[in-house]
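Right, one structure below, let's go through it.
The values are calculated or read from the model by the stated rules, or taken from the named source; none is laboratory data. Computed from a prediction, not measured in an experiment: that's the story for all the values here. Note: ideal-geometry Cβ built from the backbone for every residue, glycine included; neighbour counts use all protein chains shown. Just so you know, the surface numbers come from the protein's heavy atoms only, side chains and all, with ligands and any DNA or RNA stripped out. Shrake-Rupley method; radii C 1.70, N 1.55, O 1.52, S 1.80 Å.
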Amino acid sequence: MTPRRLLLVASSALAAALLLAGCTVGPGNTAPNSTSEPSSGPGNAGGGDDSGDLEGALLDDGRMFAVVSWGSSTCLPQVDQVSAEGQTVSVTLVEPEGDGATEKACTADLAPRASVGALPQGVDPTKDITLQVTYGGVSDDIDLDGDPDATGTPGDPTSYEPSAGWFDDGGLVLLTWGSSGCPPVVESAEGSGSAGTVTFVTDDTQVCTMDMAPRATVIEFPEDDVDDDAPFTLTLVGGGLDGTVQVR
């Protein structure tokens, strides 16, 4: 992956609701699609030479993927269609729908957002994958390195365990599962060498929806502070997410 500058942190936004029981991340299934934060429109990322590019990561032990784009933090692109031919996966991103006939207003900030979808059945996550992404008038190919340690099979049900994957030097996507109405909010992030810690806001007064959805959080460490070429342990603190995740 090529080095690039990222904004500090973009927390996840609302995801499509999944049933608490019997939920399957199936081939091309749009139900688990989620995005961390919305966009100001295809190709309108603005600010910086690399901010219009797309990046990607493997998640959920090889069952899912994330596409990272840059734009408004309140209008998230959604994964609309996914199909595969061999190890080439075609992905279409669309703007989030407004509330009824009302078009959603987007803030004029610039943030990295992770749009999450399920890999189609038949794709081998242990081998290299090419995501051919279309987002409005923008098309981009994202090359994902295969994960030889991936034991998940695209099309099989998720284990609902947190997972994380690098999408750039110092930049990762964290996938967690829970209420789509209460996405994780990052309070701080710090890392050194082969380990990092992310602290989330804990709000016991927040009213959350009773669904189970994938929530994607983009986290960035200064690339000179962390080693993303070696096994990396991410410690999660607060927000009901306490634990550790191996970033792959």
Going by average Cβ density within 10 Å per residue, which order do the peptides 72-81, 214-223 take, highest to lowest? 214-223, 72-81
Can you give the Kirkwood hydrodynamic radius for segment 178-248, in Å, rounded to one decimal and based on Cα pairs? 13.2 Å
At q = 0.17, 0.19, 0.21 Å⁻¹, what log₁₀ I(q)/I(0) does segment 203-243 have when each alpha carbon counts as one equal point scatterer in the Debye sum? -0.72, -0.84, -0.94
Let me check the size of segment 111-219 from its C-alpha atoms; what are the radius of gyration and Dmax in Å? 15.8, 44
With Kirkwood's inverse mean 1/r over C-alpha pairs for Rh, give me the Rg to Rh ratio of segment 133-190, two decimals please. 1.00
With every protein chain left in place, what is the accessible area of ASP227 in Å² (1.4 Å probe, nearest 10)? 70 Å²
Hey, any idea what % of segment 67-162's accessible area is carbon plus sulfur with a 1.4 Å probe? 43 percent
